[in-house]
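Below is the structure I would like to discuss, written out as structure tokens.
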Amino acid sequence: MPAATVGAGRPRGLLASLTTPLLDVLTYPHGPDRYLEMLDPAWSTRQVRAEITDVCHRAPGTVTVLARPNRVWRGFSAGQHVQLSVDIEGARRSRCYSIVTSEQDRSGRLEFTVHAEPDGLVSNHLQQLRPGTVVGLSQAQGPFTLPSPRPEHVVLISGGSGITPVMSIARTLRDEDRGGSVTLLHYARTAADVAYREELDELAASGVRVLRSYTREGSGELSGHFCAEHLAGITDAPAWVSGPATLVEGVREHWSTAGLEAELTVEHFTPPAPAPIPDDGAPTGEVSFGDRAVSNSGAPLLEQAEVAGLELPYGCRRGICFSCTQRKTSGTVRYRTSGALSTEPDSDIQLCVTVPIGDVTIDL
Amino acid sequence: MQSLSQKEPTQLTDEQIEAFGAEMDAIRRRVVSQLGEEDAAYIRAVVDAQRKLEIAGRAMLMVGVFPPAWLGGVAALALSKIIDNMEIGHNVMHGQYDWMGDNALNSRDFEWDIVSSAELWKRSHNFQHHTYTNIVGKDRDIGYLMLRITPEQRWNPYYLGNPVYAVLLSFFFQWGVMLHDLEADQLVTGEKSWDEVSDDGKKMAGKALRQVAKDYVLFPALSGPFFLFTLTGNASANMIRNLWAFAIIFCGHFPEEVQTFTEEEAANESRGQWYRRQLLGSGNITGSALFHLMSGNLSHQIEHHLFPDLPARRYQAIAVEVREACERYGLPYNTGGLTKQLGSVFRQLVTLAMPWSAGPSQPREERSALESVKAA
Ligand code: FES
């Protein structure tokens with residue numbers, strides 16, 4: 001993996017020297033962060049937080065921001081994403097967003113572009129972000145990265161909002177100036193929808209082979225949706241594809257027919273749709289507890305876990321004590337007590353009173 | 001505290017009890033759907049007030065050699081600890097703010113400024129006390145296993161000292177809570193093994209050690225020549241918190257009119273019956289908005305027991321509806337000023353110390369776990 005850049009490698013500063021065991025005892029049990037954040041909400045000794053420094057809107061329904069992470073940030077590799085969290089109506093919501101920045105960028109700031117999804121709680125909220133807001137970040141994650149040393153020829157394919165990690169990779173390869181070739185295919189409905197259209201032109205001018213298809217306008221170097229002809233003779237280069245499922249599947253099919261599946265790295269850009277709630281209440285889907293999976297019996301999750309042979313902590317078994325709380329990473333559950341639904345990824349739920357609706361994953 | 005058979009509440013039919021329960025469920029559903037920005041802003045403002053008080057208190061106690069600084073420091077630190085333990089700690093650890101998804105305010109992660117460890121406290125409080133509220137022999141909060149607070153606990157000569165133990169417990173309440181949460185008594189009854197108790201003991205010791213190191217070693221040491229003033233100031237702040245927490249908690253469940261239950265009464269209860277037991281087993285304390293904050297809204301003990309995981313700042317508004325429902329159903333709603341409720345608790349403690357005081361309402365074949373501990 002290439003060396004991490006933004007925010008990494010700084011000398012241990014004031015903040016780091018404050019995190020001595022002495023300070024931990026003096027601020028026990030709450031820890032130093034609780035007091036540090038009084039001075040600056042982005043300060044923390046344990047959590048990555050970032051201050052939004054710049055906001056602009058380059059295409060309708062998109063917002064591009066620069067965010068300065070604090071010193072807890074360990075850097076990233078081009079193509080990776082973070083979980084970005086904001087408080088909406090008092091509740092913290094996290095979503096994955098790809099970093100658009102080049103690995104070689106030394107500004108100490110990370111770029112994100114968020115496309116408003118229809119009914120997207122977080123993506124729509126983020127359209128109103130203002131400079132000065134502090135957001136939470138996870139460390140960079142995800143295997144959508146370039147190997148080191150870099151391959152001679154690289155093919156990048158993106159569709160719609162899937163352009164963001166591809167931009168990070170393209171920018172990095174440009175900045176590394178390593179020779180070799182880069183072919184970038186981008187699919188969007190119209191040119192006006194592409195937040196990075198000017199930069200794509202610049203990349204083209206700098207020697208990247210940029211091929212675009214604006215499917216609704218019928219314009220661009222290519223026409224229509226992805227097909228093998230668009231690759232114009234490239235047969236064996238490793239490729240990175242990021243975008244909606246149809247694009248990813250089309251590309252995957254092409255690479256596997258060529259027997260080169262191993263050369264393909266994929267980033268799924270649209271999250272799997274939440275399970276529709278069956279009206280008849282018949283249990284469907286699969287429940288995974290860590291690495292153990294059972295088919296949903298319609299019973300509360302705690303009982304299903306026990307049937308699966310797991311021994312999880314519990315107390316009252318009726319929703320009072322919170323002993324059975326675990327983290328739901330994905331899926332929808334219904335609270336038996338209030339009838340309320342929990343659809344948010346990464347939320348804590350009480351297993352004893354929640355019933356899964358469709359596929360649910362519990363992190364143990 | 002009375003047993004049910006001594007003072008029967010209005011007898012409701014099963015249907016009425018379930019209807020009452022359904023009304024409580026409806027209140028709960030409505031409040032859950034309203035949770036949002038205001039609740040989050042409120043608890044963050046409370047945290048902010050608490051940490052400012054804490055910093056101010058610690059700073060003043062560094063120069064505690066000046067009497068006004070010492071007094072101000074003790075007051076600020078005591079307030080900080082009270083707010084930390086009650087409005088923040090107790091309520092956060094009930095999961096009241098879990099929906100916010102903020103690790104600093106999450107029931108699984110929160111730790112409080114008191115010697116008892118959050119993990120063990122949650123077990124004994126959230127689970128045992130809130131599930132088995134006022135069931136003699138199962139709710140270990142009844143008299144904190146040290147006091148006789150209901151006639152259902154059988155008298156024995158140990159209880160002659162009841163009022164004295166109460167005063168001692170009130171001064172050293174945080175240590176009492178710690179021992180209580182350690183559940184060492186369950187060694188005697190065989191409910192817990194020595195290994196379990198010693199594991200828990202290690203956790204408790206770790207927590208207590210850090211509390212002691214902070215309040216009685218490090219902060220005094222930082223004051224250099226004035227260390228004695230810091231030390232006594234910290235001890236005083238802890239003690240004020242102890243007395244206050246004891247008073248609020250004992251008023252919540254142990255005034256005379258509040259009822260206890262037997263295991264048989266509470267066996268297989270429905271949701272409506274559970275709500276009814278929580279209602280009859282709790283008592284409120286009236287007071288100002290500041291008083292409610294300082295009591296962690298445990299002044300709304302009834303609403304807290306009906307809805308332990310709803311943010312406590314909501315209880316005041318909910319109380320109006322609960323009380324109105326109680327009137328309609330003819331259910332008692334126990335409330336009174338602090339002096340009245342506290343007076344009632346102490347009358348009980350003194351009365352029940354006497355050998356001639358009332359005993360359990362019905363003979364039991366086996367003495368409850370609680371009592372055998374006392375006899376041991
Ligand atoms: S076991 Fe008590 S809330 Fe689930």
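No lab work stands behind these numbers, since they all come straight from the coordinates. In this text the structure is predicted, and so the values were computed from the model without any measurement. When we count neighbours, we look across all protein chains shown, and the Cβ atoms used for this are built from the backbone with ideal geometry, even at glycine.
Going highest first, how would you order B:345-357, A:198-210 by mean Cβ packing within 10 Å? Please list the in-between numbers first.
Values: B:345-357: 16.5, A:198-210: 15.0.
Descending mean neighbour count gives B:345-357, A:198-210.
Project the alpha carbons of chain B onto their principal axes and report the range along each, largest first, in whole Å.
Projected onto its principal axes, the Cα set of chain B covers 67, 51, 40 Å.
Continuing with this model, one more query. Are any of the pairs B:LYS52/B:LYS207; B:LYS138/B:LYS340; A:LYS328/B:LYS214; B:LYS202/B:LYS340; B:LYS207/B:LYS340; B:LYS52/B:LYS192 more than 32 Å apart by Cα-Cα distance, and if so, which? Please report the intermediate quantities before stating the final value.
Working: B:LYS52/B:LYS207 23 Å; B:LYS138/B:LYS340 28 Å; A:LYS328/B:LYS214 36 Å; B:LYS202/B:LYS340 40 Å; B:LYS207/B:LYS340 36 Å; B:LYS52/B:LYS192 42 Å.
A:LYS328/B:LYS214; B:LYS202/B:LYS340; B:LYS207/B:LYS340; B:LYS52/B:LYS192, as the Cα separations exceed 32 Å there.
Sketch the reach of a paramagnetic label on A:VAL307 as a point 7 Å from Cα along Cα-to-Cβ, and name the residues of segment A:331-345 whose backbone nitrogen lies under 19 Å away.
A:332-337
Counting C-alpha atoms alone, how compact is the protein assembly as shown: give Rg to one decimal and Dmax as a whole number, in angstrom.
30.6, 102
Ok, one more. Using just the Cα positions, wrap segment B:57-116 in a convex hull and report its mean projected area in square nanometres, one decimal place. Show your work: numbers first, answer last.
Numbers: hull surface 18.4 nm².
Average projection, Cα convex hull of segment B:57-116: 4.6 nm².
Sort B:48-55, B:95-102 by the packing proxy (mean of other Cβ within 10 Å over each peptide's residues), most packed first. Mind dumping the intermediate values first?
Values: B:48-55: 17.9, B:95-102: 23.8.
With the highest mean Cβ count within 10 Å placed first, the list reads B:95-102, B:48-55.
Give me the inter-chain shielding for B:105-113: mean count of other chain Cβ atoms within 10 Å, whole number please.
3
Is any residue of segment A:153-175 close enough, with backbone N under 16 Å, to a label point placed 7 angstrom from the Cα of A:HIS268 along the Cα-Cβ axis, and if so, which?
Within reach of a label on A:HIS268, which here means backbone N under 16 Å from a point 7 Å along Cα→Cβ, segment A:153-175 contributes A:162.
On to the next question. Between A:ARG336 and A:ALA191, what is the spin-label point distance in nm, taking each point 7 Å from the Cα along the Cα→C-beta axis?
The two pseudo-label positions are separated by 6.0 nm.
Distance between Cα centroids, segment A:69-91 to segment B:35-85: provide it in whole Å.
Segment A:69-91 and segment B:35-85 have Cα centres spaced 32 Å from each other.
Further, regarding this structure: I want to check the label-to-label distance for A:ALA282 and B:LEU168. Put each point 7 Å from Cα in the C-beta direction and report it in nm to one decimal.
6.7 nm
Another one. Using 1/(1 + (r/R0)^6) with R0 = 51 angstrom and r between the beta carbons of B:VAL188 and A:ASP119, what's the FRET efficiency to the nearest 0.05? Please list the in-between numbers first.
Details: r = 59 Å, r/R0 = 1.15.
Calculated value: 0.30.
Considering only DSSP beta bridges where both residues belong to the protein assembly as shown, give the percentage that are antiparallel (nearest 5). Working shown, then result.
Details: 46 of 76 bridges.
Here the antiparallel bridges make up roughly 60 percent for the protein assembly as shown.
Averaged over its residues, how many other protein chain Cβ atoms are within 10 Å of peptide B:174-187's Cβ atoms?
Details: counts 0, 0, 0, 0, 0, 0, 0, 0, 0, 0, 0, 0, 0, 0.
Per residue, the number of nearby Cβ atoms from other chains is 0 on average.
Relative to the longest principal axis of the C-alpha atoms of chain B, give the angle of the C-alpha long axis of helix B:162-171, reported between 0 and 90° and rounded to the nearest 10°.
So the inclination is approximately 40 degrees.
If I stretch the segment between B:LYS202 and B:ALA26 completely, what's the gain in nm (0.36 nm per residue apart, minus their alpha carbon distance), one decimal?
Numbers: separation 176, 0.36 × 176 = 63.36 nm, distance 4.32 nm.
Fully extending the segment from B:LYS202 to B:ALA26 adds 59.0 nm.
Enter the mean number of other protein chain beta carbons within 10 Å of the beta carbon of each residue in B:208-221, as an integer. If you can, show how the numbers build up before the last one.
Numbers: counts 0, 1, 4, 3, 0, 3, 6, 1, 0, 1, 4, 2, 0, 0.
The shielding value for this peptide is 2.
Kindly express, to the nearest 10 degrees and within the range 0 to 90, the angle between helix B:173-182's C-alpha long axis and the longest C-alpha principal axis of chain B.
60 degrees
Between 0 and 90 degrees, rounded to the nearest ten: what's the tilt of helix B:338-351 against the longest Cα principal axis of chain B?
Relative to chain B, helix B:338-351 is tipped by roughly 70 degrees.
Mind listing the Cα extents of chain A along all three principal axes, in Å, largest one first?
65, 57, 37
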